[in-house]
Amino acid sequence: MAILTFTRQIGSYGDEIGMMVARRLGYIFYDKNEIEKRIIAKGLPKEEFVKFDERRPSFRDRFTKSRDRYLNYLSAVILEIAAQGNCVIMGRGAFLFLRDVPGHIALRFVTTPEQRLINIKEMTGFTNDKAALKFINTSDKRQRDFYKSCFKYDLSNPTTLHATVNTALVPPDMLSEMLITGIKSYITPEIELEDKKRVRELILAQEMTNKLIFEHGLHIDDLWIKVRENTITLHGLTSFHATVERAVTILESEYSGYEVKSEIRCVQDTRFSKA
């Protein structure tokens, strides 16, 4: 079971390479359209999906529950796909949701500005460089803003990726064969077992997050739950220690057998402790 997540500059032929790798490995290819269908089928209205998908939300939307709901549905779909294994997922921050999965391979495809211009003109039918460059710049900005707004992630940072590949230097067929050879040699039965275990823990952590935020309505900003073996660790930011205590109590009562630890920061209780 291998889980491949690819991101790409528009005009780098990353989607085409992803489809080629998936087809030759016998994997399922998940692009924007397939992920969108799955998210909407789960219940997120399409109008909310388009507000946030690969774009920067409006100032108002950044401070509503809409973005949290979008990320909740996106995470659920990405983790469900990963649990099935043998998949190629394009974009949507999938590599960030899955970065702790040992058999997960994250790649980014880029190309030279000159080659991007040629490719975009071929793909879109633009006849002049100015229109093609505007299209490229708009796409790049939307992608950067999406990662910064939803994940606080700088897309130019390569440290969470296994590799960044310049598709102008390697023909797609050759690149696909290189990737397939590497993937087959890297994924072992031991890694596959660890992958399944880690994805189950991520799905459980997502379930716990939903329970605290959406079911119980706790106000914890940037809540991140880590499940490892029999330990649950909570991370995030809130205003009151009582919120932290309630979160711990809920998880201890509903997930017996786990030790619950909190590393949530409280930022406002000092004004109440002076009384």
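The values are calculated or read from the model by the stated rules, or taken from the named source; none is laboratory data. Not measured: the values here are computed from a predicted model. Cβ placement follows ideal geometry from the backbone for every residue including glycine, while neighbour counts extend to all protein chains displayed. Please note that ligands, DNA and RNA were not included when accessible areas were found on the heavy atoms of the full protein model with its side chains. Shrake-Rupley method; radii C 1.70, N 1.55, O 1.52, S 1.80 Å.
Points to keep in mind about this one:
- Residue, most open to solvent (accessible area, probe 1.4 Å), within the range 16-30, restricted to residues that are in contact with a helix residue (DSSP H, G or I) (Cβ under 9 Å, 6 or more places away or on another chain) and closer than 24 Å to PRO113 by Cα: GLU16
- Flag if ALA247 is in contact with a strand residue (DSSP E or B) (Cβ under 7 Å, 6 or more places away or on another chain), open to solvent by less than 50 Å² (accessible area, probe 1.4 Å) and over 26 Å from GLY103 (Cα atoms): yes
- Odd one out for ARG62, checked against (1) in contact with a Phe, Trp or Tyr (Cβ under 8 Å, 6 or more places away or on another chain); (2) of a type outside the set (S, T, N, Q); (3) modelled with pLDDT under 90: (1)
- Boolean, ARG265 is among the basic types (Lys, Arg), at pLDDT 90 or above and surrounded by fewer than 14 Cβ atoms within 10 Å (Cβ to Cβ): yes
- Neighbours by Cβ (under 9 Å, 6+ apart or cross-chain): first from the range 156-184, at negative phi and among the charged types (D, E, K, R); second part of a helix (DSSP H, G or I) and crowded, with 16+ Cβ neighbours inside 10 Å: ASP173/MET20; LYS184/LEU25
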